[in-house]
Structure formats: C-alpha cells, structure tokens
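What follows is a single structure, written as structure tokens, with notes after it.
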Amino acid sequence: MIGMNPQRLKQLAEKLDLDNDDVQEALLRLTEEKARPKLNEIRERVADAESQEQVRERLSELSEADKNEVFHQTWAELITAAVQLRVEPMEGMKNLKTMIRDPFTIEVLLMMFEDDEIPSDITEANKDLVSDYISWIGRGVAPEMYEREEVEEMVEQFGADPELLDKWDEDNVPDDL
C-alpha cells in the first residue's frame with residue numbers, strides 16, 4: 001500500500017461497497033499518515049546513505065572472519081525477505097525494497113566476487129556491473145522508490161512494459177492533492 005494515491009484508495013473503497021465516508025476517510029488518512037511518510041523516509045535514507053564506494057572501503061577493512069559473518073547474515077536476511085514475499089507479501093516486499101536500495105546490503109552481496117587470484121580492477125568492474133543490474137531490478141520491483149527519470153531509463157534500456165511509469169505516477173501524487 002506504500003504510496004497509493006487518494007483517488008485509487010477511494011476507487012478501491014467504492015468497489016468494496018464501503019459507503020461509509022468515515023471508512024474511506026480512514027483509508028485516505030492511513031495512507032497519508034503511514035505509507036507516504038514511510039516512502040519518503042526510505043528515499044531520504046538512500047539520499048543520506050554512504051556511497052557504494054564508501055561502504056566498499058569500510059567492508060574491505062574488516063577481518064576475513066567478520067566479512068564472512070556479515071556476508072552470510074546478509075544472505076540470510078535476503079532469503080528471509082524472499083520467504084516473506086510468499087507468506088506475508090506486503091511485509092516481504094517492504095523488506096526487499098529496503099534491501100535493494102541499501103548500499104551496505106548490496107556491497108556485502110558483492111563480496112562473493114572477491115578472489116585473491118582475480119585482479120582487483122576486474123573484481124571492481126564485476127561488482128559495479130552486478131550492482132547496476134540490482135538497481136535495474138529495484139526499479140522494476142519498486143519504481144516508486146526511484147526518481148521517474150531512473151524508471152524511464154530502465155524502461156527504455158530494457159524495453160520493459162511502459163505501464164511501469166503509470167505505476168510510478170500513481171504512487172507519486174503531489175502532496176497538495
């Protein structure tokens with residue numbers, strides 16, 4: 001329900017035969033008070049987050065044992081989010097969206113490319129490539145968490161369904177409506 005606009009909620013309430021204006025108003029208020037601030041919080045956290053380069057540098061300073069622990073814990077969290085997608089779709093999607101936008105999570109997952117026998121410039125290039133692909137996936141799964149231009153770029157680059165932009169538009173209604 002993150003980012004659902006008031007018009008869509010009203011249409012949904014009308015389809016559910018919710019004639020009571022108080023119920024419709026409660027749905028709208030819930031979206032404005034809970035969902036929109038959560039979406040804005042995620043966007044702000046991403047804007048304020050360390051860059052991937054900074055995170056990569058911090059991770060490189062960890063001991064091998066700490067790297068190993070962080071790596072496996074992060075994969076466990078990703079697997080848990082995948083299970084939640086099946087069991088609790090809304091909660092699972094929320095967790096997956098957060099992980100896809102988190103540079104720390106992504107950089108930990110990319111640690112699998114580290115190998116002493118592979119030159120560091122190749123390792124870094126592989127990490128950058130996979131990181132880009134994860135970003136593309138994020139734009140497809142959760143377009144509302146990205147800037148419209150980023151979603152447009154993904155649609156153009158991969159020939160994705162342009163309806164994805166409609167989803168972005170639905171979830172990014174100006175606050176003054």
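Stretched out fully, how many nm does the piece from A125 to A160 gain, at 0.36 nm a residue minus the Cα gap? All intermediate terms of the calculation are to be shown ahead of the outcome.
Working: separation 35, 0.36 × 35 = 12.60 nm, distance 2.52 nm.
Result: 10.1 nm gained on full extension.
Just to verify a number: FRET efficiency for E91 and M112, C-beta to C-beta distance, R0 = 22 Å, to 0.05?
0.25
Roughly what would the spin-label model give for E153 and Y133, points 7 Å off Cα along C-beta, in nm?
The two pseudo-label positions are separated by 1.9 nm.
Report ³J(HN,Hα) in whole Hz for each residue of segment 116-122, in order, from the Karplus equation J = 6.51 cos²θ - 1.76 cosθ + 1.60 where θ = phi - 60°; Gly and Pro get x.
3J(HN,Hα) across segment 116-122, in whole Hz: 4, 8, 9, x, 4, 5, 6.
Given the Cα-Cα distance of E77 and E50 and 0.36 nm per residue of separation, how much length would full extension add, in nm? Display every interim value, and only then the final one.
Working: separation 27, 0.36 × 27 = 9.72 nm, distance 2.03 nm.
Gain on extension, E77 to E50, equals 7.7 nm.
How charged is the neighbourhood of Q52? Take every other residue with its Cβ under 13 Å from the Cβ of Q52, and add Lys/Arg as +1 and Asp/Glu as -1.
On the way: positive: R56, R58, R101, K127; negative: E50, E53, E57, D102, E107, E124, D128, D132.
Net charge around Q52: -4.
All of the numbers you see were taken from the coordinates with simple rules; none came from a lab. What you are looking at is a predicted structure, and each value in this text was computed from that prediction instead of being measured. Every residue, glycine among them, receives a Cβ derived from its backbone with ideal geometry; neighbour counts consider all protein chains shown.
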